[in-house]
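Okay, structure first, notes after.
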Amino acid sequence: MEVAQVLRMNGGMGETSYACNSTIQGKAISMTQPITEEAILHLCSTTLPKSLGFADLGCSSGPNTLVVVSHFINVVHQKCCQLGRSTPELNVFLNDLPGNDFNTIFRSLPDFYKKLMQGKGDDDDFGPCFICGVPGSFYGRLFASQSLHFIHSSYCLHWLSQVPGLPEINKGNIYLAKTSPPSVVKAYLEQFERDFSVFLGSRSEEVVPGGRMVLTLLGRRSEDPCSREGGYSWELLGQALNDLVSQGLIEEEKVNTFNMPIYAPSPREMKSVIEREGSFDIDRLEAFEINWKQEDNLGDNETNKLRDAQNIARYLRAVVEPLLANHFGEALMDKLFCRLREILADRMLKEDAKLVTVIVSLTRRKY
Ligand SMILES: C[S@@+](CC[C@H](N)C(=O)[O-])C[C@H]1O[C@@H](n2cnc3c(N)ncnc32)[C@H](O)[C@@H]1O
């Protein structure tokens, strides 16, 4: 299955939309801002051409999309003010798969430009800034040669280009788990290695020598690809699907033939692909935890845990509903996510789940 044809986040601004259910990804963006800022400042101290190219890959549609863009622009602008020089012309490219809700982003741009100019409005040394959408898969070329200085991507690169061809059935699971056959584990790892290498190779053509790239993705710290760290969400979603099988609402065969096109790598697995591909130097490579709870400071009582379960079920629905609906049918989605919410509520009362996230900051090698 080609992921590019079926993957998209829930569009629009409704209750189940990604725009209204992306607080966790927003948390990741703000937690990684110091590393992103460090990379932008380093770039500005080594090169400040007349025109600066910035791309956010897998931008989706929602509040996070433009937060990333304004952070980049503000850091560059402040640095230029400090250096007493004009801000370069800014070319901002927002990339995602063709099914992404680009229209919602485009509609918000006039407001965004207005806010961006506030405080810089009378500043002749600022801008212009051009923002455009680039639909297409980042597992291939998207931009002209050496047209970019900075690339950012958050919570995207764990999505594979396709479900790996599995030599055996991954019975009862929809991702890697303790009961997955070794051949299935190997196929997943090899798919990730191929995809990530193609990604780096494509970007190496597009980024100028000395240009920077900051990538954040779901991952794991354990070296065991089947550890729960990397697959907790998919274990619970798999359980919800299996429960619907027990209720006679889905055929077992349907679940056995569904596998998530996702891989949560360890930092070591990423390092090994980056070094083998050879176009980028690693400046930082770290793993950290994000609490699933949308608000961390509301105490641990039962009501809060149930509310967290509801929020997490919505967050997962916003991300995977179109993909699941494509395989299992639209009609089952309410029942499935209702069951997932119940499972989450039960788990939240017993354990404190965290998402492991990996960030890597890279510099394009000079030949
Ligand atoms: C969870 S969203 C993250 C969106 C945003 N960066 C954020 O942090 O809120 C993941 C995005 O990656 C996009 N994506 C996945 N695979 C992709 C690919 N091969 N090429 C471009 N975008 C991709 C999805 O369509 C989705 O919009």
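Have a look at Leu298, Leu349, Leu316, Leu355 and point out the one that is modelled with pLDDT under 90 and assigned to a loop (DSSP other than H, G, I, E, B). From the options Leu298, Leu349, Leu316, Leu355, the qualifying one is Leu298.
In the condition set (1) under 20 Å from the mean Cα position of the chain (by Cα); (2) within 30 Å of Leu90 (Cα to Cα); (3) polar (S, T, N, Q), Ser145 is compliant with all but (1).
Here the stretch 114-140 is the region considered, the condition is being at pLDDT 80 or above and surrounded by fewer than 13 Cβ atoms within 10 Å (Cβ to Cβ), and the residue that is farthest from the ligand (Cβ to nearest atom) is Pro128. Among the residues in the stretch 52-69, are any surrounded by fewer than 21 Cβ atoms within 10 Å (Cβ to Cβ), free of Cβ contacts under 8 Å to residues at least 60 places away in the same chain and more than 10 Å from the ligand (Cβ to nearest atom)? Scanning the stretch 52-69 turns up no residue that is surrounded by fewer than 21 Cβ atoms within 10 Å (Cβ to Cβ), free of Cβ contacts under 8 Å to residues at least 60 places away in the same chain and more than 10 Å from the ligand (Cβ to nearest atom). Filtered by the rule that a residue be more than 16 Å from the ligand (Cβ to nearest atom), in contact with a Lys or Arg (Cβ under 9 Å, 6 or more places away or on another chain) and touching a residue at least 24 places away in the same chain (Cβ under 8 Å), the stretch 153-173 gives no residues. Screening Cys20, Cys59 for residues that are assigned to a loop (DSSP other than H, G, I, E, B) and modelled with pLDDT of 90 or more leaves exactly one candidate, Cys59. Taking the condition away from the ligand (no atom under 12 Å from the Cβ), modelled with pLDDT under 85, surrounded by 14 or more Cβ atoms within 10 Å (Cβ to Cβ) and in a helix (DSSP H, G or I), does Leu48 pass? Judged against the criteria, Leu48 is not a match. One residue stands out among those in the stretch 7-43 that are among the hydrophobic types (A, V, I, L, M, F, W, C) and more than 10 Å from the ligand (Cβ to nearest atom): the one that is nearest to Glu286 (Cα to Cα), which is Ile35.
Across the stretch 70-89, the number of residues qualifying as out of contact with any Leu (no Cβ under 8 Å at 6 or more places or on another chain) and away from the ligand (no atom under 16 Å from the Cβ) comes to 8.
The values are calculated or read from the model by the stated rules, or taken from the named source; none is laboratory data. This one's a predicted model, so the numbers in the text were calculated from it and none came from an experiment. Ideal geometry is used to build each Cβ from the backbone, glycine not excepted, and the neighbour counts take in all protein chains shown.
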